[in-house]
Structure formats: structure tokens, C-alpha cells
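What follows is a set of notes on a single structure, which appears directly below.
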Amino acid sequence: MSKYKFFTDDEIKGLIPDLCYKLVRARELFGAPIIITSGFRDPSSNQTAGGVKDSAHETGKAIDIRCADIDMQKRLIWALVIAGFRRIGAYDRHVHADVDDSKPTPSFWSGVSH
């Protein structure tokens with residue numbers, strides 16, 4: 001049994017508790033499955049994924065997620081904000097959320113997936 005409701009231990013491996021608690025709260029608010037497409041990354045896997053230098057993924061403070069229905073992405077972003085995320089990136093195929101206070105906060109950006 002996983003420590004965090006809705007997510008397996010493998011999905012949240014390496015992620016800090018603050019991020020996980022907020023993610024669970026966002027999932028409760030969203031009311032539908034959230035798919036983690038990328039969580040913790042070591043420097044090598046971060047580079048392979050096209051991640052930026054000093055990525056919050058490398059410290060377990062970031063996730064990339066998506067929902068099964070891309071048309072529900074606005075609702076997913078709403079749930080992340082209400083759950084307490086203050087750094088959110090909206091992309092065409094996923095949403096990035098992190099709790100890295102060493103980076104500009106609050107921050108919202110958009111882009112195209114790699």
C-alpha cells in the first residue's frame with residue numbers, strides 16, 4: 001500500500017513530501033485520474049528528457065503530469081493552484097508543477113512539449 005492516496009510508490013519515488021501532499025490534494029479536487037509522466041530525475045535522465053539545467057526534477061521538487069482528457073487541462077491547473085502549487089507550466093501535452101522556492105515564485109508559463 002502506497003503512502004500517498006492515488007499514487008504508487010514507484011510513481012512518487014524520489015519526490016519530496018510537500019509536493020506529494022499537494023499532488024494528492026490536487027487529485028482530490030480534480031476528481032479524475034492524474035498521470036505522472038515525469039517525476040524525480042537524476043542529472044543524466046534530466047538531460048535525456050530535455051530538462052533545463054538546475055531542474056527542480058533533480059531535487060524531487062517537480063512533476064510533469066497529464067490527464068486522460070486534454071480538454072480538462074484547465075480544470076487540472078485550477079486544482080493545482082487550489083492545492084497550493086505556485087509554479088506551474090502549461091504545455092500542449094502535459095502540465096509541470098513544482099515546489100522549488102529557490103526559483104521565481106509565483107510563476108506561470110506555457111510552452112510546447114519536447
If you check every pair at least six apart or on different chains, which have Cβ atoms under 8 Å apart with a residue in segment 90-113 that is closer than 14 Å to A56 by Cβ and β-branched (V, I, T) first and a residue that is loosely packed, with under 14 Cβ neighbours inside 10 Å and at pLDDT 95 or above second?
V99/D18
Of the conditions (1) touching a residue at least 40 places away in the same chain (Cβ under 8 Å); (2) in contact with a Lys or Arg (Cβ under 8 Å, 6 or more places away or on another chain); (3) among the aliphatic types (A, V, I, L, M), A32 clears all except one; give me its number.
(2)
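The values are calculated or read from the model by the stated rules, or taken from the named source; none is laboratory data. Worth saying up front: this structure is predicted, and the values here are computed from it rather than measured. Note that we place each Cβ from the backbone using ideal geometry, even for glycine, and neighbour counts take in every protein chain shown.
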